[in-house]
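What follows is a short report on a single structure.
Throughout, read-outs are computed from the coordinates displayed, never taken from laboratory work. It should be emphasised that the depicted structure is a prediction, and the values quoted were computed from it without experimental measurement. All Cβ positions, glycine included, derive from the backbone under ideal geometry; neighbour counts span all protein chains shown.
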Amino acid sequence: MKRPLVKALAGAMLLLSHYSLALSSDTEQPIYIESESQHLDMATNTVTFTQNVVLTQGSIKILADKLIVIRPQGQEGDETIEAYGKPATFEQTMDDGKEIHGEANKLRYEVGNEFLKMSTNAMLEQSGNQVEGNVITYEIDKQQLVAESDSTKRVTTILQPSTKESSSKDSSTTDAQ
C-alpha cells in the first residue's frame, strides 16, 4: 500500500523539479511582441497589445488576446507582463530539451523577479504530467510551485507512470554505481 504512494510522491517531485530547468539564457534575450494593434501610454510606461498577440523571448512563447507590458519608472528588465485570453498560453523549452506548457485566462510574468502567476482555469503540463488549479504560481529562482483551488474545483495533479524503458535505465545507472 505504501509503495504506490511513494511512487506518486517521487513522481510529483520529478514533475516539479523539471519546472526549475528553464533555459537559463531566456531572460537574457530581447522580448519580441507581435499583434494587430498596440497602444502606448508614455506617462505610465504601459503598452497594450491586442488581437492575436504573440510574445517571444528566447524559447518563451506567450499567445494571448490582450497583453499589457508595464515598465515601472521606465526600468528595463523590471517589466511586468499580463496576458489575457480564453485561454492565454505559455510555452518554454527546458535545458533538457523538454517543453513546458501552461494556460490560464490570465498570466502575469514578472521578468525581473522571475515570477509567473497563472489564474482562472490554470494548467501547467510537461511530459504528460499536469497540475490544474484556480491559481498556479511559480517562483523560478526559488524553484517553488504552488497550486491553489477555489470553492468550486480542487487542485488536480496527474502523474504519468514511468515506462519500463526509463525504469530499466534507472536501475542500470544504479547498478553501475
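Miscellaneous remarks
- Gyration tensor verdict on segment 22-168 (Cα atoms; rounded if a/c is under 1.5, prolate if a/b is larger than b/c, oblate otherwise): prolate
- Among 104-110, 92-98, the order from most to least packed when residues are scored by Cβ within 10 Å on average: 104-110, 92-98
- Inter-probe distance in nm under a simple model that places probes 7 Å from Cα toward Cβ, at GLN130 and ASP78: 3.9 nm
- The distance between label points at GLN38 and LYS86 comes to 2.7 nm (points 7 Å beyond Cα on the Cα→Cβ vector).
- Each of ASN45, ALA64, GLN75 was scored by the projection of its Cα onto the charge dipole of segment 43-83, and the greatest displacement toward the positive side belongs to ALA64; charges sit on the C-beta of Lys, Arg, Asp and Glu.
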